[in-house]
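Visitor: Handing you this structure, nothing more for now.
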Amino acid sequence: MIFDLYGTLVDWRSTINSFISFYAGNEYTEKFFECDYREVVSYKPYSQILAKCLGEVFREAGILYSQELVESFILMFTRSPLFPDTIYALKTLQKHGFKTAILSNTERKLVDITLYGFRELFNYVITAEDVKAYKPSLDAFINAYRTIGVEPDNVIHVSAYPQYDLIPASKLGAKTILVDRRLGYSWPLKINSLVELTTYLIDL
């Protein structure tokens with residue numbers, strides 16, 4: 001079972017929204033996410049993408065910013081809070097013998113901070129830095145499956161984002177499940193929380 005991290009297990013939107021709203025205004029938050037999606041095309045360290053998109057937002061807002069402010073933003077991103085259903089679901093899946101992995105559009109030094117204290121709940125943690133490709137590129141998924149040693153039809157991919165995760169994973173033959181994090185997305189198989197996910201999987 002492969003999970004997206006930021007937005008699915010960890011609430012990065014609340015962190016980014018609070019930071020950008022404080023310095024620029026909440027009307028600029030979505031501009032950051034639009035930039036993020038636009039930039040994850042060819043590989044470069046994700047910290048550079050975070051810096052670029054924050055800079056783009058601040059310039060549009062007419063705000064002067066410093067390297068210290070950018071570094072503060074990146075560190076806050078890594079410390080984004082877990083959704084309340086994350087740990088319970090992962091522990092339950094582990095108890096029932098499911099193998100779990102993360103495939104994340106980030107880099108190792110950032111994800112290690114985010115996962116501090118619950119890294120042991122995953123059998124594999126794979127970042128864009130490891131596979132040298134960003135989701136939704138199929139290469140990110142193909143290289144991740146190769147690293148894990150699994151065929152796509154033996155994978156269940158869980159994410160809050162069809163565009164980053166579920167569409168490409170399904171193209172390769174993986175089973176896909178949307179976790180509804182109130183972002184307005186639909187998908188053939190949608191669950192309302194990770195608690196509901198555990199019930200669904202254990203009852204299969």
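Visitor: Using a 10 angstrom cutoff on alpha carbons, build the Gaussian network for the chain and name the most mobile of L183, L110, L90.
Guide: In this elastic network of the chain, the residue with the biggest mean-square fluctuation among L183, L110, L90 is L183.
Visitor: Between Y88 and S14, with labels modelled 7 Å along Cα→Cβ, what's the label distance in nm to one decimal, could you check?
Guide: Going by the 7 Å Cα→Cβ label model, 1.5 nm.
Visitor: Quickly work out the I202-to-S72 label distance, labels modelled 7 Å from Cα along the C-beta direction, and quote it in nm with one decimal.
Guide: Placing both labels 7 Å along Cα→Cβ, they lie 4.4 nm apart.
Visitor: At a Förster radius of 22 Å, what calculated FRET efficiency corresponds to the Cβ-Cβ distance of E34 and K171, to the nearest 0.05?
Guide: Values: r = 23 Å, r/R0 = 1.06.
Working from the Cβ atoms, E equals 0.40.
Visitor: Continuing with the same structure: Is the stretch 125-171 rounded, prolate or oblate when judged by the Cα gyration tensor, a ≥ b ≥ c being the square roots of its eigenvalues, rounded requiring a/c under 1.5 and prolate requiring a/b larger than b/c? Walk me through the intermediate numbers first.
Guide: Numbers: a/c = 1.70, a/b = 1.11, b/c = 1.53.
Because a/c hits 1.5 or more and a/b fails to exceed b/c, the stretch 125-171 counts as oblate.
Visitor: If you don't mind, there's one more thing I want to ask. Give me the number: length gained by fully extending Y116 to S21, i.e. 0.36 nm times residue separation minus the C-alpha to C-alpha distance, one decimal in nm. If you can, show how the numbers build up before the last one.
Guide: On the way: separation 95, 0.36 × 95 = 34.20 nm, distance 2.68 nm.
Separation in residues times 0.36 nm, less the Cα-Cα distance, equals 31.5 nm.
Visitor: Another one. Return the long-range amide H neighbours of V10 (sequence gap of 5 or more, or a different chain), with a cut-off of under 5 Å between placed amide H atoms.
Guide: Distant-sequence amide H within range of V10: F83.
Visitor: Note down the net charge around K175, summing +1 for each Lys or Arg and -1 for each Asp or Glu among other residues with Cβ under 13 Å from its Cβ.
Guide: Details: positive: K171; negative: E151, D153, D165.
Computed value for this residue: -2.
Visitor: Right, another one. Can you give me the relative contact order of the chain as a percent, contacts being Cα pairs under 8 Å and 6 or more apart? Please list the in-between numbers first.
Guide: Numbers: 296 pairs, mean separation 48.1, N = 204.
Computed over the chain, the figure is 24 percent.
Visitor: Output the pairs from K95/K175; K31/K91; K135/K175; K99/K171 with a Cα-Cα distance over 24 Å in this structure; if there are none, say none.
Guide: Working: K95/K175 21 Å; K31/K91 35 Å; K135/K175 16 Å; K99/K171 22 Å.
Pairs exceeding 24 Å: K31/K91.
Visitor: Now a separate question. What does the charge count near T198 come to, summing +1 for each Lys or Arg and -1 for each Asp or Glu among other residues with Cβ under 11 Å from its Cβ? Walk me through the numbers on the way to the answer.
Guide: Numbers: positive: K91, K95; negative: D85, E196, D203.
Its environment carries a net charge of -1.
Visitor: Would you please give the residues with an amide H less than 5 Å from that of I102, counting only those at least 5 places away or on a separate chain, with H modeled from the backbone geometry?
Guide: Counting only residues 5 or more places away or on other chains, the set is F3, Y124, V125, I126.
Visitor: Please give the net charge around I148, taking every other residue with its beta carbon less than 14 angstrom from that of I148, where Lys and Arg add +1 and Asp and Glu add -1. Show your work: numbers first, answer last.
Guide: Numbers: positive: K99, R146; negative: D130, E151, D153.
Here the charged neighbours net out to -1.
Visitor: Obtain the nm distance between the two label points defined at R146 and Q48 by a simple spin-label model: each point lies 7 Å from its Cα along the Cα-to-C-beta direction.
Guide: 2.2
Visitor: Let me ask something additional. Once you sort the root eigenvalues of the Cα gyration tensor of the chain as a ≥ b ≥ c, which label holds: rounded (a/c under 1.5), prolate (a/b larger than b/c) or oblate (the other case)? Mind dumping the intermediate values first?
Guide: Working: a/c = 1.81, a/b = 1.63, b/c = 1.11.
Prolate, because a/c is 1.5 or more and a/b exceeds b/c.
Visitor: Can you work out the Karplus-derived ³J(HN,Hα) for every residue in the stretch 81-90? Use 6.51 cos²θ - 1.76 cosθ + 1.60 with θ = phi - 60°, whole Hz, and x for glycine or proline.
Guide: Here the 3J(HN,Hα) series is x, 6, 5, x, 8, 5, 5, 4, 5, 5 Hz.
Visitor: Something else about it: Residue by residue, what Karplus-based ³J(HN,Hα) values in Hz, rounded to whole numbers, does the stretch 8-24 have, using 6.51, -1.76 and 1.60 with θ = phi - 60° and x for Gly and Pro?
Guide: My calculation for the stretch 8-24 gives 10, 9, 10, 8, 5, 5, 5, 5, 5, 4, 5, 5, 5, 4, 5, 8, 10 Hz in order.
A short reminder: the numbers here are calculations on the coordinates, not readings from a lab. Note that the coordinates shown come from a computational prediction; the quantities given were computed from them, not determined experimentally. So basically every Cβ, Gly included, is an ideal-geometry build from the backbone, and we count neighbours across all protein chains shown.
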